[in-house]
Amino acid sequence: GPATPAYDIAAKILLIGEAGVGKTHLILRYVDNIFEPQLVKVTVQPDVKSKDLTVHDKKVRLRIWDTAGSERFRAINRSFFRNALGVIVVYDVTDKNTFAKVKSWIEEVDVNCDKQPVVILVGNKTDLAEQRKVSTQEGRELAKRHKMMFMEASAKTRENVNDVFFELSEKILENP
Ligand code: GDP
Ligand code: MG
């Protein structure tokens, strides 16, 4: 008979936020379970990686889009945002400036996405506890103000990395 489809739903997910916050490392940790501190990757084209997961009884294929460095020049193509169902806005908990810039990234989503995606705010690099400059409370409040989900994570230790993608997927499935 006909082949069983590999998944029930495919969802385009974006990671945005200032350069250096750890977007690429979060993706590599989640998809390939690696962390290479010295990795430097700046390309013009966005990188897309696929990851399958099961959320309750649904098979989900995430297509995870990485800006791959173009955020440095605020040169993200509009097609990057097109049809995104989920957005992960990342800041670095050790860098106040990256937290201050979150609002401008939310505006990019508002301007460029036709249908409002599910958005989660992620404070990355929790492993650098002694250098922390943005409290959990500040992150949570900003997320609440802009109706985003919220989580802190570390691409280095893997803390909450799976949960970020899982909870985002869960919300996307609830949000047809
Ligand atoms: P991007 O520009 O947002 O894609 O950031 P990258 O993924 O390239 O990461 C920028 C730098 O932060 C790299 O030197 C990474 O090794 C480092 N980095 C990323 N995630 C973490 C983390 O969770 N903890 C620590 N300590 N460093 C991280
Ligand atoms: Mg990157």
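Taking the helices alone, the chain has a mean residue ellipticity at 222 nm of -8500 deg cm²/dmol, built from -39,500 (n - 2.57) per DSSP H run of at least 4 residues and averaged over all its residues. Placing R0 at 35 angstrom, the Cβ-Cβ distance between residue 174 and residue 38 gives a FRET efficiency of 0.35 after rounding to 0.05.
For region 166-172, backbone phi angles converted through the Karplus equation (6.51, -1.76, 1.60; θ = phi - 60°) give residue-by-residue couplings of 5, 5, 4, 4, 4, 5, 4 Hz, Gly and Pro being listed as x. Distance between the modelled labels on residue 58 and residue 100, one decimal in nanometres: 3.9 nm (7 Å Cα→Cβ projection).
Reducing region 1-37 and region 71-89 to their Cα centroids gives an inter-centroid distance of 14 Å.
Any idea what angle helix 136-145 forms with the longest principal axis of the chain, computed on alpha-carbon atoms, 0 to 90 degrees, nearest 10? With both axes taken from Cα atoms, the answer is about 60 degrees. Compute the helix-to-body angle for 23-32: its Cα long axis versus the longest principal axis of the chain, expressed 0 to 90° and rounded to tens. Compared with the principal axis, the helix lies near 40 degrees. Projecting the Cα atoms of 83, 31, 53 onto the dipole axis of the chain, where Lys and Arg carry +1 and Asp and Glu carry -1 at the beta carbon, places 83 farthest toward the positive end. Run the paramagnetic zone check for residue 132: 7 angstrom along Cα to Cβ, then residues of region 75-96 with backbone nitrogen under 11 Å. Output list for this probe position: 93-94. Taking a Cβ cut-off of under 13 Å around residue 57, the surrounding Lys, Arg, Asp and Glu residues balance to a net charge of 0, with basic ones at +1 and acidic ones at -1. Each residue, residue 112 and residue 75, gets one label point 7 Å from its Cα in the Cβ direction; the gap between the two is 1.4 nm. Expressed to the nearest 5 percent, the antiparallel share of DSSP beta bridges inside region 1-94 is 45 percent. Under 5 Å from the amide H of residue 11 lie the amide H atoms of 61, 62, 63, each residue being 5 or more positions distant or on a separate chain, with H modelled from the backbone and absent for Pro and chain starts. Scaled to the globular estimate 2.2 N^0.38 Å, the Cα spread of region 47-176, given as radius of gyration, is 1.04.
Each DSSP beta bridge with both residues in the chain is either parallel or antiparallel, and the antiparallel ones are about 30%. Between helix 102-112 and the chain there is an angle of about 40 degrees, using the helix long axis and the longest principal axis of the Cα atoms.
Coordinate-derived values only; no laboratory data. A quick note: this is a predicted structure, and the numbers were derived from the prediction, not measured. For neighbour counting, all protein chains shown are included, and Cβ atoms are generated from backbone atoms with ideal geometry for every residue, glycine included.
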